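Contents: one structure, followed by commentary.
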Amino acid sequence: MKIAIGNDHTDPTLKIKVKEHLEAQGHEVTDTGCAVGEKCDYPDAAGKVCRLVQSGQAELGILICGTGVGMSLAANKYKGIRAACCSDTFSARMTREHNDANILCFGTRVVGEGTALDLADIFVNTPYSHEERHERRIAMITALEDNWSEQK
Ligand code: RB5
């Protein structure tokens, strides 16, 4: 699977571990995020991953900041993006199955390495259910975007 990953300056080493973990499973991971020693604003970092997902160059995205919250707030402003901030594996699984979330967000200051790798594994490996009730509800979310202008 093609996955885009991005992060801000709060512990880029966690991003590197998640990237290497997914690559070891055969995934192609595009890193658009902040390197060790750099400073990055999370809305900018979110935009880089969102654009890759919007264009189809990545099937899923992962965004990491201090809490995951800022990244999810920014990412959900992009048309077609359904970003879920998760710190537990149940939510990471359910947001793929029910919400067809296409971006996972989590925080370096919230989850440790083990949970971060589990979150990424579950998010990437759980398919969307395609059940009618979920299709209908996701269409309702998409309808909310209709008055939004296209993102730059
Ligand atoms: C950066 O200090 C921090 O605000 C950011 O990483 C994130 O947690 C915001 O939601």
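Nothing in this text is a laboratory measurement; each read-out follows from the coordinates by a stated rule. Note that the structure is a prediction, hence the values are computed from the model and not measured. Cβ placement follows ideal geometry from the backbone for every residue including glycine, while neighbour counts extend to all protein chains displayed.
Structure data summary
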| read-out | value |
| --- | --- |
| Lys pairs under 21 Å by Cα in the range 15-86, provided they are eight or more residues apart or on distinct chains | 9 |
| Cα-based helix-to-principal-axis angle, 132-144 vs the chain, degrees rounded to 10 | 80 |
| Shape category assigned to the range 17-152 from the gyration tensor of Cα positions, a/c cut at 1.5 | oblate |
| Under 13 Å, Cβ to Cβ, from Ala116 - net charge with Lys/Arg +1 and Asp/Glu -1 | -2 |
| Peptide ranges 130-143, 33-46 listed from the most packed, as the mean C-beta count within 10 angstrom indicates | 33-46, 130-143 |
